[in-house]
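Undergrad: Let me begin by handing over the structure; questions about it come next.
No lab work stands behind these numbers, since they all come straight from the coordinates. Because the structure is a prediction, the values reported are computed rather than measured. All Cβ positions, even for glycine, are placed from backbone atoms using ideal geometry, and neighbour counts span all protein chains on display.
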Amino acid sequence: MPYSVEPISVEVKEELSRFYSKQILYETKSDIYGCCIKLLTGIQWVKDRWEENFFSMSYSIRSHGRLYVVEDSSKEENTILYDAQSKTAFLINLDYYGWLKSLALSVAGDILEDEHDIFSVHGACLDIKGKGISILGGPGVGKTTHTYGLLRNSDVRVVSDDWFFSRIFESMILAFGSERNSYIRADLAKIWPEFKELIEHAEFDNKQRAVVDLRWVIGKGRIIPFTTLRNIIILKRDSKDSAVCKELDIKEALKILESNNYFNPHLLVKNKFKRDLRNEFFKALLKVSKTFIVNTIKSPEESQKIIKQLLEIEKA
């Protein structure tokens, strides 16, 4: 990752809050799966993207976590400071909204892990007639490509295309979305022409990404608030491996998840306590799910066929 997170004390947080207070022109409170996360910034595009992306929260609700998004010529680009006690992050000289929104979700995730046994999953969550599918993978393996590829099928519904929260209910693992809209790449329609209309209506930023409302293309009825997880697809891209698909047992899958930091590069706190919490959650998820690893070395259409066969989408 091009940034690292530096832990700070609550005392340093207080000093920084005072130091950057003159920059703060906008304060926006948003509902991220029940957490009131407050954005403080003086940057217009940050405020606009944020309000497009997240559900609004009443201003009378006290915030649970805060993000200061500020500029400071004395700091390096992409400086991230985090006080775990007050759940306050400082994002300094950050110009990529994708990281900003992920860090907002991570602040909420830190709160939910510690207080409510609710866990973050950095991946897509789809649903086929009540059966939830989690699509995971590192950067560049086709996670977004294959999430939207599956959405071309009318039986597939979406909870989240990038990040969801999950909790254990006895023998079930429920997954919940938290974002109002999606943040997509400009080249999506080059791969799947079905999303051309979505691209044409989008306003892209300097990273060639845009916040969009998927309802424009797939309709309101195919965006749902939660599902029950039953399948996990882990994507990889390894030209040296001739195998394109394999079902994993719990031990194999957990090893892959642990060695890749659960495919979440935006986790703000990494210590033994957090690692143990996350391991227990993923063990529980793997026990109730079928897990497959798919090597996306073939064309998008060929890899889609493999994934659809695994999920029995043609029979859904």
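Undergrad: How would Lys131, Lys240, Lys251, Lys298 line up from fewest to most surrounding beta-carbon atoms within 10 angstrom? Can you show the working numbers first?
TA: Numbers: Lys131 17, Lys240 6, Lys251 10, Lys298 13.
Taking fewest neighbouring Cβ atoms as first place, the list is Lys240, Lys251, Lys298, Lys131.
Undergrad: Which option, [x] 123; [y] 164; [z] 139, is the value of volume of the Cα convex hull per residue in Å³ that was calculated from these coordinates?
TA: Comparing each candidate, only [z] matches the computed number.
Undergrad: Report the calculated FRET efficiency for Glu200 and Lys129 (r = Cβ-Cβ distance, R0 = 41 Å), to the nearest 0.05.
TA: Numbers: r = 31 Å, r/R0 = 0.76.
Step by step, r from the Cβ atoms, then E = 0.85.
Undergrad: Extending each Cα 7 Å along its Cβ direction at Ser259 and Asp276, get the distance between those two points in nm, one decimal.
TA: Result: 2.5 nm between the two label points.
Undergrad: Given the -39500 (n - 2.57) contribution per DSSP H run of 4+ residues, what per-residue ellipticity at 222 nm results for the chain, rounded to the nearest 500 deg cm²/dmol?
TA: Working: 10 runs with 100 residues, N = 316.
It lands at -9500 deg cm²/dmol.
Undergrad: Any idea what the dipole of the chain comes to, in debye rounded to 20, about its Cα centre with Lys/Arg Cβ at +1 and Asp/Glu Cβ at -1? Mind showing how you got there, number by number?
TA: Working: 46 positive and 45 negative charges, 166 e Å.
The calculated dipole for the chain is roughly 800 debye.
Undergrad: Turning to a different aspect of this structure: Grab the Cα-Cα distance for Ser56 and Asp117, subtract it from 0.36 nm times how many residues apart they are, and report the gain in nm with one decimal.
TA: Numbers: separation 61, 0.36 × 61 = 21.96 nm, distance 2.37 nm.
Value of the extension gain: 19.6 nm.
Undergrad: Now for a different question. Among DSSP beta bridges lying fully in the chain, give the percent that are antiparallel, nearest 5.
TA: Working: 44 of 71 bridges.
Roughly 60 percent of the beta bridges in the chain run antiparallel, per DSSP.
Undergrad: Mind giving me the FRET efficiency for Gln85 and Trp45? R0 is 35 Å, r the Cβ-Cβ distance, nearest 0.05 is fine.
TA: On the way: r = 30 Å, r/R0 = 0.86.
Once rounded, the FRET efficiency stands at 0.70.
Undergrad: Which value, in debye to the nearest 20, describes the size of the charge dipole of the stretch 57-106 about its Cα centre when Lys and Arg Cβ atoms bear +1, Asp and Glu Cβ atoms bear -1, and nothing else is charged?
TA: Numbers: 5 positive and 6 negative charges, 79 e Å.
The dipole of the stretch 57-106 has a size of about 380 debye.
Undergrad: Counting only the backbone N, which residues of the stretch 1-36 are under 14 Å from the spot 7 Å out from the Cα of Glu76 toward its beta-carbon?
TA: Residues 1-7 qualify, since their backbone N sits under 14 Å from the label point.
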